[in-house]
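A short write-up of the structure that comes next.
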Amino acid sequence: MLKASRGYVQGYNAQAAVDENQIVIAAEITVDSPDFGHLQPMLDATQSELQAAGVSQTPGVLLADAGYWHKEQMENVINHGIQVVDPRPTPASARHPSRMGRRRLRAHAPSALH
């Protein structure tokens, strides 16, 4: 069961890490509703999958929407030399459902990355 704003629903939360050609490198499915806290685990899974495939190149840029914002994880990613494209949380006044998702991402990310 997935906790939602109006109780519980049968559902899942899927995460995917893709390369610049939209090829899926790693994916995870959980019953945790927020994306918060999934950034570092997805990066770790991506790096493990690349290593298992014999790819020595590591990700250079990490692009995620504001729902993934986790200060400690962001700092850890940056400290490992990976550029994070500014997924800062938006103010509460801008969190209306019509303003969620890619609209927030577009405000901070170069168009070539999304």
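Considering only the stretch 13-40, state which residues are under 25 Å from E72 (Cα atoms), of a type outside the set (G, A, S) and either loosely packed, with under 13 Cβ neighbours inside 10 Å or more than 10 Å from the chain's Cα centre (by Cα) (or both).
Answer for the stretch 13-40, where residues must be under 25 Å from E72 (Cα atoms), of a type outside the set (G, A, S) and either loosely packed, with under 13 Cβ neighbours inside 10 Å or more than 10 Å from the chain's Cα centre (by Cα) (or both): N13, V18, D19, I25, E28, I29, T30, V31, D32, P34.
Being farther than 12 Å from A27 by Cβ and surrounded by 12 or more Cβ atoms within 10 Å (Cβ to Cβ) is the filter here, so list the residues in the stretch 45-54 that pass it.
Q47, S48, L50
Of everything in the stretch 1-32, what is part of a loop (DSSP other than H, G, I, E, B) and either β-branched (V, I, T) or in contact with an Asp or Glu (Cβ under 7 Å, 6 or more places away or on another chain) (or both)? Give them in sequence order.
Filtering the stretch 1-32 for residues part of a loop (DSSP other than H, G, I, E, B) gives 1, 5-6, 10-12, 19-23, 31-32.
Correct list: I23, V31.
Please name all residue pairs, on different chains or six or more residues apart, with Cβ atoms under 9 Å, provided the first residue is in the stretch 40-55 and is small (G, A, S) and the second residue is not in a helix (DSSP H, G or I).
Pairs that qualify, where the first residue is small (G, A, S) and the partner is not in a helix (DSSP H, G or I), are A45/Q15; A45/A17; A45/I25; A45/A26; A45/A27; A45/E28; S48/A26; A53/I25.
Count, please, the residues in the stretch 58-79 that happen to be in contact with a helix residue (DSSP H, G or I) (Cβ under 7 Å, 6 or more places away or on another chain), of a type outside the set (S, T, Y) and assigned to a loop (DSSP other than H, G, I, E, B).
4
Please state which one of A66, A94, A109 is at pLDDT below 90, in contact with an Asp or Glu (Cβ under 8 Å, 6 or more places away or on another chain) and hydrophobic (A, V, I, L, M, F, W, C).
Residue meeting the stated conditions: A109.
Quick check, is D65 surrounded by 16 or more Cβ atoms within 10 Å (Cβ to Cβ), of a type outside the set (A, V, I, L, M) and either without any contact (Cβ under 8 Å) to a residue 40 or more places away in the chain or within 15 Å of N76 (Cα to Cα) (or both)?
No, not satisfied.
Restricting attention to the stretch 52-59, does a residue exist that is at pLDDT 85 or above and closer than 30 Å to R6 by Cβ?
no
The values are calculated or read from the model by the stated rules, or taken from the named source; none is laboratory data. Predicted, not measured: the structure shown is a model, and the values here were computed from it. Here Cβ is always computed from backbone atoms with ideal geometry, including for glycine, and neighbour counts include all displayed protein chains.
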